[in-house]
Amino acid sequence: MKLLLSRADVLATQDDAGTEIRDGAVFIRDNWIERVGSSAELDTWIAEDAAARTPDRRIDLAGCVLLPGLINGHHHLYQTLTRSVGTAGGLALFDWLKTLYPIWGRMDPEAVYVSAKVGLVELLLSGATTVADHLYMFPNGARLDDEIDAAVELGVRFHPTRGSMSVGESEGGLPPDDLVEREEDILEDGLRVIQRYHDPAPGSMLRIGLAPCSPFSVSADLMRESTRIARSHPRVGLHTHLAETLDEERYCLAKFGMRPLDYAESLDWLGPEVWFAHMVHPNASDIAKLAHSCSGVCSCASSNMILASGIPPVRAMIDAGVRVGLGVDGSASNDGNHMLGEARQAMLLQRVGWPGFESRADRLSAREALRLATRGGAALLGREEIGSIEVGKAADLVAFRVDGLEHAGAQSDPVAALLTCAPTRVWLSVINGRVVVDEGAIPGLDLRGLIARHNAISRRMVS
């Protein structure tokens, strides 16, 4: 299959030089990018060998900005079932979790599958092409396989992580005892999904990670054993929540005598295969440690705001050389799945500042935020072949229209306008060389039927 995307108002490649091409075009063969340049350059190149290069389909992107696919580095897809439960009442993280744990305990395989499909559809329509998810509860026979099925059907590049909780309330943890698992079962199932699904090859559509939920829900032994299993398999990631709230910091100091990142380090949870969600409250030593160890951080601005967790020092982490990407986090602590909107929120929140740092309008530019959502996410997940539009990279690209109502008057800089103006739905999404979103819709998807099925499950759980 040969696909030509041409006449984009601007092609923002996100390459090392930040190259932007007016009237840009990309030629895709099968799953890979073969040529990048202006529309005129690619028309000439195709004509030089028409027999081999004539595209099977041409897509005119006049009125659009063309970008690499956005990469969501942290999520809980099942939480689409409980949007606005807890957040509507203004609960902070620990109280929010305690409210929702019993509801999530009513999930079953259908609930996990349908909620994942709804969340992934919303992410696709917001410009995400790669999604990392953290599923850490498996009640009533639910399995990681259930959300993998949904991702495979939709054609999204997927990084599901086999999460876990093993320390319940009776042992000093936060989750109820009936939602924790035996650690031997957790490790056995983690190994099972790696062996069944994990594909470490370049261009892989599916990679597995291991993800003990948090310092307040798993044991030190489980953290250590997870690292042992992950590091014995190529490109298996390690993921957890860390330093999200001051309550968590106080918990770690009281229980372990260490701050969250020091505790993680004591368990060998630093390194290039590790990425932490949130990292709202690192100190200067933590940031240096993250950079030195090549550990990653996925910042989730909307969730941190709605749960009043704080403002993460993203600017300081970037300047120190920490691998930073973006995530929408759970659909019940956001309560949405809009990846372009999350990049905008990250930009705005950094400009507001945080204790000890004054507000500055130039702290994070629109282009820097877009880079976090593309190249940053690729680095976060250890994916060198995605995150930019360059020859030899995987064919993950998205186009947003900038000729509509939301961008009227923003023609001077349409790339920045994607974030300075109201975020919109994606117009075109190509994942692994395949058109997944076409003219703002997912071909063949019964969206109304999917939403109705999802809401029926949600009502049963929440009532």
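The values are calculated or read from the model by the stated rules, or taken from the named source; none is laboratory data. Quick caveat, the model's predicted, so the values are computed rather than measured. Note that we place each Cβ from the backbone using ideal geometry, even for glycine, and neighbour counts take in every protein chain shown.
Brief remarks on what is shown
- Among the candidates 285, 204, 226, the residue that is in a loop (DSSP other than H, G, I, E, B) and assigned by TED's automatic domain parsing to the domain that holds residue 145 is uniquely 204.
- Applying the criterion of at least 1 residues that are within 22 Å of residue 438 (Cα to Cα) and more than 20 Å from the chain's Cα centre (by Cα) to the strands (runs of 3 or more DSSP E) found wholly in the stretch 40-137 leaves 57-60, 64-68.
- Residue in the stretch 73-87 that is farther than 30 Å from residue 274 by Cβ and not aromatic (Phe, Trp, Tyr) present: yes
- Verdict on residue 215 being assigned to a loop (DSSP other than H, G, I, E, B) and in contact with a Cys (Cβ under 9 Å, 6 or more places away or on another chain): yes
- Subset of the stretch 233-243 [more than 17 Å from the chain's Cα centre (by Cα) and closer than 18 Å to residue 283 by Cβ]: 243
- Exactly one residue out of 33, 28 is farther than 26 Å from residue 343 by Cα, among the aliphatic types (A, V, I, L, M) and either surrounded by fewer than 21 Cβ atoms within 10 Å (Cβ to Cβ) or modelled with pLDDT of 95 or more (or both), and it is 28.
- Restricting attention to the stretch 267-314, the residues that are of a type in the set (Ser, Thr, Tyr) and surrounded by fewer than 20 Cβ atoms within 10 Å (Cβ to Cβ) add up to 2.
- Test for residue 372: is it more than 14 Å from residue 415 (Cα to Cα) and more than 12 Å from the chain's Cα centre (by Cα): no
- Condition check for residue 401: in the same structural domain as residue 209 (by TED's automatic domain parsing) and either crowded, with 22+ Cβ neighbours inside 10 Å or modelled with pLDDT of 95 or more (or both): no
- Take the conditions (1) assigned to a helix (DSSP H, G or I); (2) over 18 Å from the mean Cα position of the chain (by Cα); residue 150 misses just one of them, which is (2).
- Within the stretch 237-266, being hydrophobic (A, V, I, L, M, F, W, C), assigned to a loop (DSSP other than H, G, I, E, B) and either buried (at least 22 other Cβ atoms within 10 Å of the Cβ) or not assigned by TED's automatic domain parsing to the domain that holds residue 132 (or both) holds for one residue alone: 243.
Residue by residue, here is whether (1) surrounded by fewer than 22 Cβ atoms within 10 Å (Cβ to Cβ); (2) touching a helix residue (DSSP H, G or I) at 6+ places or on another chain (Cβ under 8 Å); (3) charged (D, E, K, R) holds:
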site: 117; (1), (2), (3): no, yes, yes
site: 122; (1), (2), (3): yes, yes, yes
site: 126; (1), (2), (3): no, yes, no
site: 130; (1), (2), (3): no, yes, no
site: 142; (1), (2), (3): yes, yes, no
site: 145; (1), (2), (3): yes, yes, yes
site: 157; (1), (2), (3): no, no, yes
site: 163; (1), (2), (3): no, no, no
site: 180; (1), (2), (3): no, no, no
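- Restricted to the stretch 172-193, and to residues there that are in a loop (DSSP other than H, G, I, E, B) and touching a Leu at 6+ places or on another chain (Cβ under 9 Å), the residue that is modelled with the lowest pLDDT is 174.
- Verdict on residue 295 being farther than 18 Å from residue 69 by Cα, among the polar types (S, T, N, Q), out of contact with any helix residue (DSSP H, G or I) (no Cβ under 6 Å at 6 or more places or on another chain) and not assigned by TED's automatic domain parsing to the domain that holds residue 423: yes
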